[in-house]
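What follows is a set of notes on a single structure, which appears directly below.
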Amino acid sequence: MAEEHSVGANENALALEATGLEMSYGGVRVLSGIDLQMPRGSVLAMLGPNGAGKTTTVRILSTLIRADAGRARVAGFDVATEREHVRRRISLTGQYAAVDELQTGDENLRMIGRLRGFDRSQSARRAGELLERFDLLEAGGRRVATYSGGMRRRLDLAMSLVSEPAVLFLDEPTTGLDPRSRQTMWLLVAELAQRGVSVFLTTQYLEEADRLADQIVVLDRGAIVAQGTAAELKRRVAEQRLVLRLVNPDALADVAWALGDRAIEVDRGELTIVAPCDGGAREVRALLDEIDPDRSAIDDFAVRNATLDDVFMELTNV
Amino acid sequence: MSESLILTARCLRLSRRQVDALITALLLPVLLMVVFVVLFGGAIHTGTKYVTYVVPGVLLLCAGYSSSLTAVAVCQDMTSGCIDRLRSMNVRGASLLVGHVAASAARNLASGVLVVAVALALGFHPHAGVLGWLAAAGVLLAFIVAISGLSVAIGLLARSPEAASGFTFLVMFLPYASSAFVPVDTMPAWLRGFAAHQPITPITETLRGLLLGTPVGSNAWVALIWCAGILAVSIVAAGALFARRIA
């Protein structure tokens, strides 16, 4: 496996870079121009709701499907024209744990070792190391069918690490896990990042991206709507929310128009509009004067703390 | 090649542990032999002892059942994320499919041995020499590989493992409308043409001839051509279906 480490000319390359990735399925646009850059040894989280195109992005970057347009390089190699080089340097842990229920944890790991080109004793040794590291030593001899959801995910992740990958793809690694198992997965991923593995992960949870990622990319309906560090994104999103209740639908339309892209949520049924603010009296007064100079459109208003959901809504509702 | 071997070992390990399927696979040959020979055999007149007549048919019936398990297993691998992991590891899709066919062949040969053992216990008197046995095993293997290849294609076509298992019905039915269990000339005229020319009949006749030491005539070539044809079509179909599946 010495060849794995001889990156040569690609020594300084980014772990991952993509420009203009586009993908459609049956005339439906799934990705419309994705640009990504992930420095070597960092963790990038792609955050987005269901159907945003996260899994499609992972499938393109991990060489499973070809994008309709755009280019991407992973570990220094082109995912479309140099698939085999990419595949030798990546591991993929998909959304659904790809483990054989009727094999034991140990057998699953050893099989991957053999397929990665290790001989029998190397595979057995590696399986033992990983079982220990992922707290599966006791369960290693049992069939996976008897494992809990959290144990399955840990085994799935362990299977991705049999031959230390340069870039690890994790597609929604904690979806469907209970809070405790989620914490464990977070610790494991954080440990990998510390060891210098470049990790590309997708998630629906802001908290997960916040915990694990150096960089966050927010994906919505196939397009990147925001990116930056967790702190940068939080700064972009105000801490407080101003909830306005309008007198009638006409007033709602006027005020929504006056707010422009500051209106995060417009609810025509409830006649409410939500906008970000700092919560101070001065800002609220100025805003109300600006959008409702006649003092006739707004019935009442309230200021509340932004929730994580608000942050997500604001970023994905551009 | 070594990828195929590793994946064949995996398929065999998984099928050994599917307890319900394993029990069915072991019981089926025994039960079928007992049902045909002990229950129906007295009423069916074939000119020879019925146990002697029916052995090839039961061999083919069991092979059909066992390969339908292959369709289910392939479909599971395609829908479970297993194939994504393997492809991302640069394992060729063909290695996985070859592994399934090889495991299916191994399972089938084991069940074939069981069928012959039960038949011998029920009074089967083959008249084949060593060459006859080897030739019979070869023809059976050709049939098994062909039908396993077909099962792989069905497994790639089916959207769910449940749909793939519907394939069992078709392959379990074919031997009944052939010379496997009753002579074709006892069937109604409209069925005779189909029964005489579908692949199971020449394969059955070839096995019967080889095991009993009687002449097989052109049946052997017809049987092998059918097997080669089914396998060739299956490989082409599997290639196209696999490409569509991973797009």
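At a glance:
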read-out	value
Set A:Ala15, A:Ala80: member being surrounded by fewer than 23 Cβ atoms within 10 Å (Cβ to Cβ) and at pLDDT 90 or above	A:Ala80
Region A:189-205, subset surrounded by fewer than 21 Cβ atoms within 10 Å (Cβ to Cβ) and within 25 Å of A:Gly51 (Cα to Cα), residue modelled with the lowest pLDDT	A:Tyr205
Residue count for region A:223-263, restricted to those that are at pLDDT 90 or above, within 20 Å of A:Glu283 (Cα to Cα) and loosely packed, with under 14 Cβ neighbours inside 10 Å	1
Wholly within region B:163-225, helices (runs of 4 or more DSSP H) carrying at least 3 residues that are buried (at least 23 other Cβ atoms within 10 Å of the Cβ) and modelled with pLDDT of 85 or more	B:200-212
Filter result for A:Ala98 (more than 11 Å from every other protein chain (Cβ to nearest Cβ), in contact with a helix residue (DSSP H, G or I) (Cβ under 7 Å, 6 or more places away or on another chain) and either at positive phi or of a type outside the set (Lys, Arg) (or both))	no
Criterion (of a type in the set (A, V, I, L, M) and over 27 Å from the mean Cα position of the chain (by Cα)) met by exactly one of A:Leu130, A:Leu102, A:Leu109	A:Leu102
Scan of region A:193-207 for residues that are in contact (Cβ under 8 Å) with a residue 40 or more places away in the chain and farther than 25 Å from A:Gly33 by Cα, ordered by number	A:Ala193, A:Gly196, A:Val197, A:Glu207
Matching residues, region B:123-137, being part of a helix (DSSP H, G or I) and over 16 Å from the mean Cα position of the chain (by Cα)	B:Val130, B:Leu131, B:Gly132, B:Trp133, B:Leu134, B:Ala135
Output for region A:302-315, where each listed residue is at pLDDT 70 or above, surrounded by fewer than 17 Cβ atoms within 10 Å (Cβ to Cβ), touching a Leu at 6+ places or on another chain (Cβ under 9 Å) and of a type outside the set (Val, Ile, Thr)	A:Ala302, A:Arg304
Output for region A:139-164, where each listed residue is buried (at least 22 other Cβ atoms within 10 Å of the Cβ) and either at positive phi or in a loop (DSSP other than H, G, I, E, B) (or both)	A:Leu161, A:Val162
Pair list, Cβ under 6 Å, 6 or more apart: region B:1-21 residue in contact (Cβ under 8 Å) with a residue 60 or more places away in the chain and within 11 Å of A:Met111 (Cα to Cα), other residue in a helix (DSSP H, G or I) and polar (S, T, N, Q)	B:Glu3/B:Ser95; B:Leu7/B:Ser95
Of all residues in region B:1-12 being in a helix (DSSP H, G or I) and out of contact with any helix residue (DSSP H, G or I) (no Cβ under 7 Å at 6 or more places or on another chain), the one that is modelled with the lowest pLDDT	B:Ser2
Any hit, region B:60-72, residues being over 29 Å from B:Ala128 (Cβ atoms), surrounded by 14 or more Cβ atoms within 10 Å (Cβ to Cβ) and away from every other protein chain (no Cβ under 14 Å)	yes
Among (1) under 30 Å from A:Ala98 (Cα atoms); (2) among the small types (Gly, Ala, Ser); (3) at pLDDT below 90 - the single one B:Gly47 does not satisfy	(1)
In region B:73-95, residue surrounded by the fewest Cβ atoms within 10 Å (Cβ to Cβ) [restricted to those that are more than 10 Å from chain A (Cβ to nearest Cβ) and hydrophobic (A, V, I, L, M, F, W, C)]	B:Ala94
From the options A:Ala209, A:Ala213, A:Ala193, residue that is over 18 Å from A:Ala97 (Cβ atoms), touching a Ser or Thr at 6+ places or on another chain (Cβ under 6 Å) and not assigned by TED's automatic domain parsing to the domain that holds A:Leu288	A:Ala209
Single residue of region A:57-95 satisfying the filter (β-branched (Val, Ile, Thr) and in contact (Cβ under 8 Å) with a residue 60 or more places away in the chain) that is nearest to the other protein chains (Cβ to nearest Cβ)	A:Ile90
The lone exception for A:Gly128 - which of (1) crowded, with 18+ Cβ neighbours inside 10 Å; (2) more than 11 Å from chain B (Cβ to nearest Cβ) it fails	(1)
Single match in A:Ser121, A:Ser160, A:Ser148 (criterion: small (Gly, Ala, Ser) and within 14 Å of chain B (Cβ to nearest Cβ))	A:Ser160
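The values are calculated or read from the model by the stated rules, or taken from the named source; none is laboratory data. Not measured: the values here are computed from a predicted model. Ideal geometry is used to build each Cβ from the backbone, glycine not excepted, and the neighbour counts take in all protein chains shown.
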